[in-house]
Amino acid sequence: QVQLVESGGGLVQPGGSLRLSCTASGIIFRIGSMGWYRQAPGKERELVATITSGGVTNYAYSVKGRFTISRDNAQNTVNLLMNSLKPEDTAIYYCNSRDSYSNIDYWGQGTQVTVSS
């Protein structure tokens, strides 16, 4: 099992920045990819960005060029730097990790990001 704890959400004005962090604990040696997903009210959960253990990244088109995902394997953390935030980025953001042996997904509890003036 893997436990994920997120931090860093909050309220920010349009055009502002936020940094989300997620720390993993438990059976961490089996963690493959990590990433961030989000779910807005009335919508399905969607991918924001992922990063492999080797550092290969993947971004949703809507955030490409504005968000940057990074990972520290030694600290078991994954971060999401969000710049030029828009109201449509408002959502609950969830940290994700995938077990490289079983492909089981683990999820954090979520952190609220609200972009509003």
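The values are calculated or read from the model by the stated rules, or taken from the named source; none is laboratory data. What you see is a predicted model, and the numbers here were worked out from it, not measured in a lab. Backbone-built Cβ (ideal geometry, glycine too); neighbour counts: all protein chains shown. Accessible surface areas use protein heavy atoms only, side chains included; no ligands, DNA or RNA. Shrake-Rupley method; radii C 1.70, N 1.55, O 1.52, S 1.80 Å.
When 92, 69 are compared by accessible surface with a 1.4 Å probe, the order from highest to lowest is 92, 69. Rounded to whole numbers, the Karplus 3J(HN,Hα) couplings from phi for the stretch 66-74 are 10, 10, 9, 9, 9, 9, 10, 5, 5 Hz, using 6.51 cos²θ - 1.76 cosθ + 1.60 with θ = phi - 60°, and x at Gly and Pro.
Amide H to amide H distances under 5 Å link residue 100 with 31, 32, where only residues 5 or more positions off or on other chains count and H is placed in the peptide plane. In this structure, residue 47 and residue 13 have a Cβ-Cβ separation that, at R0 = 35 Å, corresponds to a calculated FRET efficiency of about 0.85.
A straight line joining the Cα centroids of the stretch 1-35 and the stretch 80-98 runs 10 Å.
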